[in-house]
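Structure, as structure tokens:
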Amino acid sequence: MCMRHHVHEVRCTYGEPMIEPTASHGAALPERPKLLEVIDLKKHFSIQRGFLFTKEVGVVRAVDGVSFFIREGETLGLVGESGCGKTTVGRTILRAYDPTAGEIWFTDQNLGRVNVSQMEQSQLRELRQNMQLIFQDPYSSLNPRMTLLEIIGEPLYTNGVAKGAALKERVADLLKVVGLRPEYMARYPHAFSGGQRQRIGVARALALRPQLVVCDEPVSALDVSVQAQILNLLQELQEQFGLTYLFISHDLSVVEHISDRVVVMYVGKLVESAATEELFSYPRHPYTEALLSAVPKPDPRIRSEAIVMPGDVADPAHPPSGCYFHPRCRYCVDRCVAEEPVLREISPDHAVSCHRADELALAGFPHLA
């Protein structure tokens, strides 16, 4: 089963690539240096009550000890059900949220290797030029009172990169890159479809030529046919400019298409991480198995049954004892209830947080030989 579907390189006038693009992500990936490394990241939100005299009555552990890395030029898929903390991870990396604990190491092309979690707000402005975000909703993420020239040109103007005629030229080049006409720059967002609006959002994210782009469910609000166009565009741009993606999604079929590696989250914790093909073929955590069983199968000859997980996602303010997944797990034993598992490597580049990972034979994504 092919995990990545590469596209031919497109030529454009949008500057030079920051990292020399390669024809394939395959065997070259392990040799690439780490661009981003997240170590034991935590983000807790205080629960407060009271009107005049508020007091903390609890804590929501939205992200609770997450560790992973992303190599230069690759795409890391971050998946899980709604409410598991995926978006909070992305926004904490970008310092839209201040982390409660942990380290975020980023190799900036100008500043070198820096700990983002320890940087002051005044230091973050230069760093954020190399770390950008593509939002989930292409409708609410664009200011309806601004033209495309103002929307895409704002980061260029604010950071002193370009103004006047040079700004218009850069915006025109960016519009060409994402498949829109330069003459559209005088129009407002209401004149465009959802897919076109997301292309505008992509152009804005690329304006400062970042190294890392956090894609926060960038296609979940779009029709399936438009999703494929945006995914292909993101892959083209990655090839063209050597971009690195953190791709956040709840849709495993989308993640399979675009990701080199995948990490799976459940209630603020990582439960499994592996190369995409490895994870889809040989899952080692029961939660991953259940998610894969729900992915639609494109071939009618494939017979499979979705695993029904009882109950709801655990409350991050009051998580269960032991393994957070044990109330919904059909393989649960007494140890799972009493003891919290640790994320451990069970094979090269394949880590899992499950007491029974070595003894369970879990079903992967079914496909025909």
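Counting only other residues whose beta carbon sits under 11 Å from that of residue 343, what net charge do I get with K and R as +1, D and E as -1? Please list the in-between numbers first.
On the way: positive: 269, 344; negative: 40, 272, 340, 345.
Charge balance in the 11 Å sphere: -2.
Using only DSSP helix segments of four residues or longer, with each worth -39500 (n - 2.57), what per-residue ellipticity at 222 nm results for the chain after dividing by its residue count and rounding to 500?
-7500 deg cm²/dmol
By the scheme Lys and Arg +1, Asp and Glu -1, what is the net charge of all other residues having a beta-carbon under 10 Å from that of residue 185? Walk me through the numbers on the way to the answer.
Working: positive: 168, 181, 187; negative: 150, 183.
Residues close to residue 185 contribute a combined charge of +1.
Secondary structure note: in the chain, about 65% of the DSSP beta bridges are antiparallel.
Using the Kirkwood radius over Cα pairs, work out the Stokes-Einstein diffusion coefficient for the range 139-209 at 20 °C and 1.002 mPa s, in µm²/s as a whole number. Present the calculation step by step, with values, prior to reporting the outcome.
Working: Rh = 11.7 Å.
It comes out at roughly 183 µm²/s.
Phi-derived couplings, Karplus 6.51 cos²θ - 1.76 cosθ + 1.60 at θ = phi - 60°, listed residue by residue for the range 151-156: 5, 6, x, 4, x, 5 Hz, with x used for Gly and Pro. Ranked by the mean number of other Cβ atoms within 10 Å of their residues, highest first, the peptides 217-226, 125-134, 327-336, 278-287 come out as 278-287, 125-134, 217-226, 327-336. A simple rule links phi to the HN-Hα coupling: the Karplus curve 6.51 cos²θ - 1.76 cosθ + 1.60 with θ = phi - 60°, which for the range 164-169 gives x, 5, 5, 5, 4, 5 Hz, with x for Gly and Pro. For residue 133, the residues 5 or more places off, or on other chains, whose built amide H falls under 5 Å of its own are 214. Exactly which GluC sites (Glu not before Pro) in the range 316-369 are in a DSSP loop and have at most 11 other Cβ atoms within 10 Å? Passing sites in the range 316-369 are 359.
Rounded to the nearest whole angstrom, the semi-axes of the ellipsoid equivalent to the chain, taken from the Cα gyration tensor as √(5λ), stand at 35, 25, 20, largest first.
Read-outs throughout are calculated quantities, based only on the coordinates presented, and are distinct from any laboratory measurement. Predicted, not measured: the structure shown is a model, and the values here were computed from it. As a convention, Cβ positions derive from the backbone with ideal geometry for all residues, glycine included, and neighbour counts pool all protein chains shown.
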